[in-house]
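Chemist: Before I ask anything, let me first share the structure, which is written out below as structure tokens.
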There are 2 protein chains.
Amino acid sequence: MNLKELSTLLGLSQTTVSRALNGYPEVSEVTRQKVLKAARKYNYAPNPRARGLATGRNHAVGHIIPLSKGHEMVNPVFADFIAGASEIYSRENIDMLLTVVPDSDEADAYRKIAAKGSVDGVIVHGPKADDPRIKLLRDIGMPFVVHGRSGSADENEYSWVDMNNARAFERATKFLIDLGHRRIGLLNGLESMDFAAKRRAGYRTALESAGITEDPDLCHSAEMTEEFGYVAAMKVLTLPDPPTALLTSSIIVGYGVRRALDTLGLRIGKDVSLIVHDDELSYMRNGSSEPIYTATRSSVRLAGRICAEILLDQIAHPERPPRHELLDADLIIGHTTGPAPK
Amino acid sequence: MNLKELSTLLGLSQTTVSRALNGYPEVSEVTRQKVLKAARKYNYAPNPRARGLATGRNHAVGHIIPLSKGHEMVNPVFADFIAGASEIYSRENIDMLLTVVPDSDEADAYRKIAAKGSVDGVIVHGPKADDPRIKLLRDIGMPFVVHGRSGSADENEYSWVDMNNARAFERATKFLIDLGHRRIGLLNGLESMDFAAKRRAGYRTALESAGITEDPDLCHSAEMTEEFGYVAAMKVLTLPDPPTALLTSSIIVGYGVRRALDTLGLRIGKDVSLIVHDDELSYMRNGSSEPIYTATRSSVRLAGRICAEILLDQIAHPERPPRHELLDADLIIGHTTGPAPK
DNA sequence: CCAAACCGTCAAAGCGCTTTGATACCCGCA
DNA sequence: TGCGGGTATCAAAGCGCTTTGACGGTTTGG
């Protein structure tokens, strides 16, 4: 069923039917009702390609997932972010396009996406510490929102939604210091990523203001897998002077740490304290009533919702200035931290 | 840059330029090269909407994610599946559309997707034990591939890619029985899901052929979260006559079981044996060289690749009969199983 | 009472592409 | 010389929608 068929069926012109359907005021209420009823009856849906061609708008946004060798963006955090964003999209009837872009030909891929024009805007995932994609997208002139930031000075020039990574990890580190810990390990994400760099900085700040010198042997940085948590924890805990507390950038890494403690016969929260970062992943909830792990907590799903909302707003009103949302992480106390052992 | 501009720039007609770009034989090789060079130079990409309008083909496929209340399909397994599928799509230059469909108005949503015609085919996720969506899609006449199957008798009438769930769980259960275990718990996914029903069936088969009667108290079924693993394990292990072995439908549930064993001071693989199902999730690898958990293993990423390939094939050749791929799971031995304690 | 404003509707143009059917040209063969 | 058969190119139609500009018909206001 298309517009033409529907309009002849109704004995009206395509114009009138189209207007009726799109809520234009020029059509009388009685006609509109007739049209709406017929549309429902015949299960009419406008062809989005044709509409896109005519309007230049797509009712679609793209999520661009960078794929570096050895670095996989399609991760559980991403899944929850998407889930959040899609809540907004389905409410607004927007399509979501996923595009995996190997970062070898990034610039090209982005230009191509813009040239094809199948999306009205994009969300940028996993920004690096000084990410060229941002300048690129600004040059191209396509609306975009970054999940995270990108270190550089032009932060006010584009829209982003980020968590206060530095602050969160500074607080967590300070919390451990206050409990008497002096040897504190950090199992971080890849520090080429902006979020990980900021977390490291926060950790460093807390140590410095307590007069503790950072020991690079206690810091590891890699893709945030369970296995990384295990391997890195095994490594630092078998050092001659092992840490009494660990911070991890993801609850998944925390699972690996738990397994390492199992293996070494160390008690979590007694022999070794652990603070994880908790993105409130739906399949890896940190307890339902009471938190299990002491954690810095910030919902990535919420971040997805906010990103999507800002993007849609920017698409609808390109003249508005960029928007930023800095989410604060909570520090929540669970059962995995305690005073430093003597 | 569009076709018209490009063609006037070249002093050729749109027809010729279009043909040159699309590899038609009617255009001379020297012209074709000129056109290709210019297209690259001006970064020309055909507008996919316009092309779609003209050809009826979209170069896009949809992934339909069911959303039930209390059931979240955007999960880590899904993320890895998508990653696999997108490998194929990006090779073939196909767009991937994600659509979250609340299962309240499923039928409507599917019809709408078909009516809009923005995708050439869809992949169906998370089929239930007797899923109405399959008949629906067949009636609509849109190419589709199911990730999993749907129990009913018409299995040969549509394309699917599934793992041999029953067989895998039968073997795992038998393996535990051979180790002397008699009380074996099953922490399964939602048994309204086809895959979970099949796993349960396999588990049951193995018990029966060993002459063990199934104890419903040892079986739990829910969304496969870490917390479910913890809660369910705590429940069964504190029974008067607790199991000596557990099977879980996901490695994430296994993490929860590990935590429960921690809490109860039980040793994994000694006091309680554990077999998990391992989808080879990239962020939750079951060991790199040597497996950690004893597991039934089947790569969901591979399943994603195969699904995508079959779908593209069905789109290109709608006349071909449905295809099925039944992946066999390996049973791999890790460090979490051992003989039943006396 | 007539011009001005308004209302509901329509025909037609245009979005950027593919594809059909036509055309102009050249070659070789009788 | 004339004609059939390629070969390389083109103009124009059509995909399904939105939107512009126009058109009769009805109110309204001076």
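Chemist: Can you list residue pairs whose Cβ atoms sit under 6 Å apart, with the first residue in the range A:129-154 being under 15 Å from A:A109 (Cβ atoms) and the second being modelled with pLDDT under 90? Count only pairs 6 or more apart in sequence or on different chains.
Modeler: If the second residue must be modelled with pLDDT under 90, the pairs left are A:L136/A:A107; A:L136/A:Y110; A:I140/A:A114; A:M142/A:A114.
Chemist: Which one of the conditions (1) within 14 Å of another protein chain (Cβ to nearest Cβ); (2) touching a strand residue (DSSP E or B) at 6+ places or on another chain (Cβ under 6 Å); (3) closer than 25 Å to B:D313 by Cβ does B:D103 fail to meet, given that it meets all the rest?
Modeler: Going through the list (1) within 14 Å of another protein chain (Cβ to nearest Cβ); (2) touching a strand residue (DSSP E or B) at 6+ places or on another chain (Cβ under 6 Å); (3) closer than 25 Å to B:D313 by Cβ, B:D103 breaks only (3).
Chemist: Further question: If I filter the range B:302-316 for residues that are in a loop (DSSP other than H, G, I, E, B) and either more than 14 Å from chain A (Cβ to nearest Cβ) or modelled with pLDDT of 95 or more (or both), do I get at least one hit?
Modeler: No: zero hits.
Chemist: If A:N286 passes every condition in (1) surrounded by fewer than 20 Cβ atoms within 10 Å (Cβ to Cβ); (2) in contact with a strand residue (DSSP E or B) (Cβ under 7 Å, 6 or more places away or on another chain) but one, which one does it miss?
Modeler: Status for A:N286: all satisfied but (1).
Chemist: Can we say A:Y44 is of a type in the set (F, W, Y), facing chain B (nearest Cβ under 8 Å) and either within 38 Å of the chain's Cα centre (by Cα) or crowded, with 22+ Cβ neighbours inside 10 Å (or both)? If you could, list the steps in order and put the result at the bottom.
Modeler: Values: of a type in the set (F, W, Y): yes; facing chain B (nearest Cβ under 8 Å): yes; either within 38 Å of the chain's Cα centre (by Cα) or crowded, with 22+ Cβ neighbours inside 10 Å (or both): yes.
For A:Y44, the condition - of a type in the set (F, W, Y), facing chain B (nearest Cβ under 8 Å) and either within 38 Å of the chain's Cα centre (by Cα) or crowded, with 22+ Cβ neighbours inside 10 Å (or both) - is met.
Chemist: While we're on this one: I want to confirm something. Restricting to the range B:15-41 and keeping residues that are exposed (fewer than 14 other Cβ atoms within 10 Å of the Cβ) and within 9 Å of DNA strand D (Cβ to nearest atom), which single residue is nearest to the other protein chains (Cβ to nearest Cβ)?
Modeler: Of everything passing the filter in the range B:15-41, B:T15 is nearest to the other protein chains (Cβ to nearest Cβ).
Chemist: On to the next question. Of the residues that make up the range B:210-227, is at least one closer than 22 Å to B:H335 by Cα, at pLDDT 95 or above and over 29 Å from the mean Cα position of the chain (by Cα)?
Modeler: No, the conditions are met nowhere in the range B:210-227.
Chemist: While we're here: State the number of residues belonging to the range A:199-231 that are touching a Gly at 6+ places or on another chain (Cβ under 8 Å) and away from chain B (no Cβ under 14 Å). Talk me through it step by step, then tell me what you get.
Modeler: Of the range A:199-231, the ones touching a Gly at 6+ places or on another chain (Cβ under 8 Å) are A:199, A:218-231.
If we keep only those that are away from chain B (no Cβ under 14 Å) too, we end up with A:199, A:218-221.
Residues flagged as touching a Gly at 6+ places or on another chain (Cβ under 8 Å) and away from chain B (no Cβ under 14 Å) within the range A:199-231 amount to 5.
Chemist: Taking the residues in the range A:47-69 that are among the polar types (S, T, N, Q) and within 14 Å of DNA strand D (Cβ to nearest atom) as candidates, determine which candidate is surrounded by the fewest Cβ atoms within 10 Å (Cβ to Cβ). Working first, answer last.
Modeler: Here is the first cut: in the range A:47-69, the residues among the polar types (S, T, N, Q) are A:47, A:55, A:58, A:68.
Now narrow it down to the ones that are within 14 Å of DNA strand D (Cβ to nearest atom): A:47, A:55, A:58.
Working: A:N47: 17, A:T55: 9, A:N58: 24.
Ranking the qualifying residues of the range A:47-69, first place goes to A:T55.
Chemist: A further question follows. Do we have A:A109 as within 16 Å of DNA strand D (Cβ to nearest atom), within 11 Å of chain B (Cβ to nearest Cβ), closer than 21 Å to B:L97 by Cβ and without any contact (Cβ under 8 Å) to a residue 60 or more places away in the chain here? Break it down into steps so the answer makes sense when it comes.
Modeler: Working: within 16 Å of DNA strand D (Cβ to nearest atom): no; within 11 Å of chain B (Cβ to nearest Cβ): yes; closer than 21 Å to B:L97 by Cβ: yes; without any contact (Cβ under 8 Å) to a residue 60 or more places away in the chain: yes.
No, not satisfied.
Chemist: Ok, one more. Could you grab me the full set of residues in the range A:307-320 that are touching a helix residue (DSSP H, G or I) at 6+ places or on another chain (Cβ under 8 Å) and of a type in the set (A, V, I, L, M, F, W, C)? Steps first, please.
Modeler: Of the range A:307-320, the ones touching a helix residue (DSSP H, G or I) at 6+ places or on another chain (Cβ under 8 Å) are A:307-309, A:312, A:320.
Correct list: A:C307, A:A308, A:L312.
Chemist: Could you say which residue among A:L97, A:L67, A:L3 is within 16 Å of DNA strand C (Cβ to nearest atom) and either of a type in the set (A, V, I, L, M, F, W, C) or under 30 Å from B:I82 (Cα atoms) (or both)?
Modeler: Working: A:L97 fails: within 16 Å of DNA strand C (Cβ to nearest atom); A:L67 fails: within 16 Å of DNA strand C (Cβ to nearest atom).
Only one candidate passes the filter, namely A:L3.
Chemist: Give the residue, chosen from A:R301, A:R305, A:R297, A:R258, that is in contact with a Pro (Cβ under 9 Å, 6 or more places away or on another chain) and basic (K, R).
Modeler: A:R297
Chemist: Then there's this: Under 9 Å between Cβ atoms, at least 6 apart or on separate chains: pull out the pairs that start in the range A:14-28 with a residue that is within 15 Å of A:Y44 (Cα to Cα) and more than 6 Å from DNA strand C (Cβ to nearest atom) and end on any residue that is assigned to a helix (DSSP H, G or I) and among the small types (G, A, S).
Modeler: A:V17/A:S7; A:V17/A:A38; A:V17/A:A39; A:S18/A:S7; A:A20/A:A39; A:L21/A:A39
Chemist: Please name all residue pairs, on different chains or six or more residues apart, with Cβ atoms under 6 Å, provided the first residue is in the range B:253-271 and is within 9 Å of chain A (Cβ to nearest Cβ) and the second residue is among the polar types (S, T, N, Q) and surrounded by 15 or more Cβ atoms within 10 Å (Cβ to Cβ).
Modeler: Sorted first by the residue in the range B:253-271, then by its partner, the pairs are B:I268/B:T336.
The values are calculated or read from the model by the stated rules, or taken from the named source; none is laboratory data. Since the structure is predicted, the reported quantities are computational estimates derived from the model, not experimental observations. Quick reminder, even Gly has a Cβ in these numbers, built from the backbone with ideal geometry, and neighbours come from all protein chains shown.
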